[in-house]
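A quick write-up on the structure given underneath.
The values are calculated or read from the model by the stated rules, or taken from the named source; none is laboratory data. Note that the structure is a prediction, hence the values are computed from the model and not measured. Here the Cβ is made from the backbone with ideal geometry for all residues, glycine too, and neighbour counts use every protein chain on show. Quick note on the areas: whole protein, heavy atoms, side chains included, nothing else; ligands and nucleic acids left out. Shrake-Rupley method; radii C 1.70, N 1.55, O 1.52, S 1.80 Å.
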Amino acid sequence: MNHFELQGGELTCEDVPLSAIAAEVGTPVYVYSSATLERHYTVLRESLVDAGLGDPLIAFAVKANSNVAVLRTLAQLGAGADVVSEGEIRRALAAGVPPERIVFSGVGKTEAEVAFAMQTGVAEINVESEPELHMVNGVAQLMGARAAVAIRVNPDVAAGGHAKISTGKADNKFGVSLAEAERLYANAANMAGVRPVGVACHIGSQITDLAPLEAAFGKMRSLVERLRAEGHDVERLDLGGGLGVPYFNQPEPPAPAAYAAMIARTMQGLDDIQYAFEPGRMIAANAGVLVARVLHVNARPEGRRFLVLDAAMNDLLRPAMYDAYHDIRPVKPRDGDPVIYDVVGPVCETGDTFTRDRALPPLEAGDLIAFMSAGAYGAAMASEYNSRLLAPEVLVRGAEWAIVRPRPSYDDMLGRERPAPWF
Ligand code: LLP
């Protein structure tokens, strides 16, 4: 459920008409709903607690939406942060996430990033390979410290909406095999610079079926039991993120309550463990939209009708990168029969096509549209390709709204560069 609804014939975010934001801030602009963020976090948390999973750490995957005001909205509810770079650690800290609720994941951490994470006092470093375990051990010893680590396991289960976002198969770059995890855990237990506290997995993103998750979680449970039988302490089981959201043309994803019930069933009888989760998309996707303006409608005599927007693939990359479907809604729908459009942006490549042959209510130059479900992996993946300025971000709360990342100026953009001395 989200808080983008038609009120009085126009699309609003909570109590604010999107047209009012567009009039002041311009387009394209990302708009986020605090109430939707809060609702998604709260429903997930209550589902997990009600299913008997104790006091889980819900570490929001910062990569999905790294805006500090968004992170702060979640941090105020008690959310932690799943981070994959020093930049994301800094964002989480800036948002007020306590270090003991930060989990540091990622296949390629640098020594400097690990040192920074340890100075910060993050809860856990998820180690993804044997070389990385040795690196963390070395860095920690130099610092005279001992890093709490979890071993990221690749349970070899296929899942996820698209090959580019599936992470849990044996042949992709993430994590170590179950057998390797057992060996590394034992090694880690004997290292002076690390303390193994648990195991972690994350098998993919936009998963709309519980079966692959259940298969992976069953393997994780057996791993915890084997490690404990070998005499190791296993305090934390990090089950990653990955639960899908409805993008309107896809199967309804499982409800958080069904997800939680499945976990409770799979883990029944496994005692003294703290669960951690790393959800991104399910919290943020439907809490945000990208508002754009129609520049013109180019109806070719041969037939195709292009809706040319002022938003492009640099603002919302998902359709170009993953053939992702985003619902497109007029901000003030006109009456009339649907029209078939190819919806495109101004960037100079054919890939800058949001969708082809989409039936939409009739639109005219100057109209506003909203790309729905754009709160996750939207602004976070934006670039300045074609030297287009990054779209600003607005956070709505009830009838109030605030620009939480302004549109940069062209001077800002050019001011980041320097002439070479020989010019
Ligand atoms: N934890 C880890 C270790 C991850 O790699 C990811 C996402 C998450 C948590 C959060 O997954 P979520 O709950 O959001 O599914 N840019 C792509 C999605 C990439 C996901 C990468 N990893 C997209 O726009 O669909």
Margin query: Taking the Cα centre as origin and putting +1 on Lys and Arg beta-carbons and -1 on Asp and Glu beta-carbons, what dipole magnitude results for the range 244-383, to the nearest 20 debye?
Written below: 240 debye
Notebook entry, point to check: When the dipole is taken about the Cα centre of the range 186-254, and only Lys, Arg (+1) and Asp, Glu (-1) are charged at their Cβ, what size is it in debye, to the nearest 20?
Noted result: 220 debye
Check: Quick one: ranking His134, His3 by accessible area, 1.4 Å probe, largest first, what do you get?
Finding: His134, His3
Check: From the Cα gyration tensor of the range 73-199, with a ≥ b ≥ c the square roots of its eigenvalues, which class applies: rounded if a/c is under 1.5, or else prolate if a/b is larger than b/c, or else oblate?
Finding: oblate
Next item on the list: Would you mind computing, in nm to one decimal, how far apart the modelled labels at Met413 and Gln7 are, each placed 7 Å from Cα along Cα→Cβ?
Entry: 3.4 nm
Next item on the list: With a ≥ b ≥ c taken as the square roots of the eigenvalues of the C-alpha gyration tensor of the range 191-240, please select rounded if a/c is under 1.5 and otherwise prolate if a/b is larger than b/c or oblate if it is not?
Entry: oblate
Item checked: Residue-count net charge about Pro346 - beta-carbon cut-off 13 Å; Lys, Arg +1, Asp, Glu -1 -> -2
Next item on the list: Would you mind telling me the antiparallel percentage of the DSSP bridges in the chain, rounded to 5?
Entry: 50 percent
Checklist line | Gain in span if fully extended, Ala299 to Glu364, counting 0.36 nm per residue against the direct Cα distance | finding: 22.3 nm
Checklist line | Solvent exposure of the chain as accessible area per residue, Å², 1.4 Å probe | finding: 41 Å²
Note to self: Please report the antiparallel percentage of the DSSP beta bridges confined to the range 229-338, to the nearest 5.
What the structure shows: 60 percent
Margin query: Going by average Cβ density within 10 Å per residue, which order do the peptides 315-323, 336-344 take, highest to lowest?
Written below: 315-323, 336-344
Checklist line | Whether the range 300-353 is rounded, prolate or oblate, judged on the alpha carbon gyration tensor where a/c under 1.5 counts as rounded | finding: oblate
Note to self: Placing unit charges on C-beta atoms (Lys and Arg positive, Asp and Glu negative, everything else neutral), compute the dipole magnitude of the chain about its Cα centre in debye, rounded to 20.
What the structure shows: 340 debye
Note to self: For a quick check of understanding: with a 1.4 angstrom probe and all protein chains in place, what accessible area in square angstrom does Lys173 have, to the nearest ten?
What the structure shows: 140 Å²
Next item on the list: With unit charges on the beta carbon (Lys/Arg positive, Asp/Glu negative), name the residue among Pro406, Phe306, Ala285 whose Cα is farthest towards the positive pole of the charge dipole of the range 264-423.
Entry: Phe306
